[in-house]
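Student: Quick one: structure below, then a few questions.
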Amino acid sequence: MKNLAFFYENPPKFDIFNERKQNLEFKNTLIKGPKNSGKKSLMLKFATTFKSEEVLFLDMLDLRFEKNSLFNLVKFLELNNKIKIVFLCNLNEEFDFSSLNLPLIISSTCNDLSLANFNELYLDFLDFEEFISINKNLPIANLLGLYLQSGRSNLSFSQELLRQSFSPLQLEILKYLAKNLGFKLSINKLFLELKRISKTSKDSVYKEVKELENNFIIKSIYNDDKRLKKLYFRDFGFKNALCIKKDFTHLFENLILNELFKLETEFFYNKFFSFYSKELKIAYISTPTLDIDLIKLRIKKILPKALELNIFHIIFITLSSEEIFYERGVKFEIAPFDKWALSF
């Protein structure tokens, strides 16, 4: 009880917050997302809409916080009936909150965490539109270059944060992925490469890859038949933060995928399409520097596969080219990244 009383009497300070597209409501909510995506800031911002005595704000990563104090939470709230809402940051394991009668806002970096009677909200790193809103005083022509340079989060922009956030084995896995971004992945090949550098086991590599995906750091995209997969970063900025090898083609591909996360649907890849959704019947092709005439030549090879997969909208994403036309009922759209990213 003393532990809960300390945090009630010493609430966190509220800073200036970046505007995000997501908003919280006065109901049980589980916010999921990667480290440094702004989950705590979103919670703090919502907390400012209440009086300080109406809020209990807890953070499980605070070294002073005692996890066992959660078992006293119901009793503490009964004794402090001015509290109207509870915030709990960084919960990464299941806990029974069914006896709690107040709205509870929880954040977690674990995708597989599930809590009964909680609405789920996913908070990703900044997308391009949110990045623009933060840097709105800069010329629009310069913003894409700055976005590509800085990435979607502080995590990919700080070597110190990267070292603090990941184990040595996780960092080696991420460095390998940065060097091989956009290529088909073999965990066995990854293991053999890491074994050359440090002492590890195949089970350890599998476990860490799974954890990195569960914690929203990397994302698997499977081939049509689900036997082959590629791994991408949830923040494309990890590519340049973790290796010096330049590969703009695959960096741009990762950039596109990061924007597609907003659609909250499963994507696949094949030799025709960078990413496509069976559910939405739409495909995306990363072609940053290809001119319109060469794109139209590719369409002849792409069209039969699009019809086979019942895809009726194909978007070529470029740096500057723009055009729309139709072939056999399929809409082909050539769009510059900035205009496309701001369209949804």
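Student: In the range 43-60, what residues are aromatic (Phe, Trp, Tyr) and part of a loop (DSSP other than H, G, I, E, B)?
Tutor: Correct list: 50 only.
Student: Which of the residues belonging to the range 299-321 are touching a strand residue (DSSP E or B) at 6+ places or on another chain (Cβ under 8 Å), open to solvent by 80 Å² or more (accessible area, probe 1.4 Å) and modelled with pLDDT of 95 or more?
Tutor: 312, the sole residue that qualifies.
Student: Mind checking which residues of the range 99-115 are among the small types (Gly, Ala, Ser) and closer than 13 Å to residue 73 by Cβ?
Tutor: Listed by number, the list holds a single entry, 99.
Student: Name the residue, out of 206, 222, that is among the aromatic types (Phe, Trp, Tyr), open to solvent by 10 Å² or more (accessible area, probe 1.4 Å) and closer than 22 Å to residue 109 by Cα.
Tutor: Numbers: 222 fails: closer than 22 Å to residue 109 by Cα.
Selected residue: 206, the only one of 206, 222 that is among the aromatic types (Phe, Trp, Tyr), open to solvent by 10 Å² or more (accessible area, probe 1.4 Å) and closer than 22 Å to residue 109 by Cα.
Student: Between 315, 302, 295, which is touching an Asp or Glu at 6+ places or on another chain (Cβ under 6 Å) and farther than 24 Å from residue 179 by Cβ?
Tutor: Every option except 315 fails the conditions.
Student: Scan the range 132-157 for residues that are under 12 Å from residue 242 (Cβ atoms) and among the polar types (S, T, N, Q) and jot them down.
Tutor: Listed by number, the list holds a single entry, 156.
Residue by residue, here is whether (1) within 29 Å of residue 154 (Cα to Cα); (2) open to solvent by 10 Å² or more (accessible area, probe 1.4 Å); (3) in contact with a strand residue (DSSP E or B) (Cβ under 7 Å, 6 or more places away or on another chain); (4) modelled with pLDDT of 95 or more holds:
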| site | (1), (2), (3), (4) |
| --- | --- |
| 50 | yes, yes, yes, yes |
| 58 | yes, no, yes, yes |
| 67 | yes, yes, no, no |
| 82 | no, yes, no, yes |
| 89 | yes, no, yes, yes |
| 94 | yes, yes, no, no |
| 104 | yes, no, yes, yes |
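Student: Test each condition in (1) under 30 Å from residue 233 (Cα atoms); (2) open to solvent by 60 Å² or more (accessible area, probe 1.4 Å); (3) touching a Ser or Thr at 6+ places or on another chain (Cβ under 7 Å) for residue 21 and report the one that comes out false.
Tutor: Single failed check for residue 21: (3).
Student: Would you check which residues across the range 115-165 are under 18 Å from residue 39 (Cβ atoms), more than 18 Å from the chain's Cα centre (by Cα) and open to solvent by 70 Å² or more (accessible area, probe 1.4 Å) and list them?
Tutor: Matches in the range 115-165: 119, 164.
Student: Also: Can you tell me which residue within the range 24-42, out of those that are outside any loop (DSSP other than H, G, I, E, B) and either aliphatic (A, V, I, L, M) or farther than 25 Å from residue 83 by Cβ (or both), is most open to solvent (accessible area, probe 1.4 Å)?
Tutor: So, considering only residues that are outside any loop (DSSP other than H, G, I, E, B) and either aliphatic (A, V, I, L, M) or farther than 25 Å from residue 83 by Cβ (or both), the one most open to solvent (accessible area, probe 1.4 Å) is 42.
Student: Moving on. Going by the conditions given, is residue 72 open to solvent by 50 Å² or more (accessible area, probe 1.4 Å), touching a Ser or Thr at 6+ places or on another chain (Cβ under 7 Å) and not acidic (Asp, Glu)?
Tutor: So residue 72 does not fit the description; no.
Student: Further question on the same structure: Which of the following residues is more than 15 Å from residue 255 (Cα to Cα), under 26 Å from the mean Cα position of the chain (by Cα) and loosely packed, with under 14 Cβ neighbours inside 10 Å: 277, 343?
Tutor: Checking each option against the conditions leaves just 343.
Student: Go through 248, 238, 261 for me and flag whichever is under 19 Å from residue 128 (Cα atoms) and open to solvent by 50 Å² or more (accessible area, probe 1.4 Å).
Tutor: One residue alone meets the criteria, 248.
Student: For residue 63, are the conditions met, namely being more than 20 Å from residue 115 (Cβ to Cβ), open to solvent by 40 Å² or more (accessible area, probe 1.4 Å) and of a type in the set (A, V, I, L, M)?
Tutor: Yes, satisfied.
The values are calculated or read from the model by the stated rules, or taken from the named source; none is laboratory data. None of these values were measured; they are calculated from a predicted model. No Cβ is skipped: glycine too gets one built from the backbone with ideal geometry, and neighbour counts run over all protein chains shown. Accessible surface areas use protein heavy atoms only, side chains included; no ligands, DNA or RNA. Shrake-Rupley method; radii C 1.70, N 1.55, O 1.52, S 1.80 Å.
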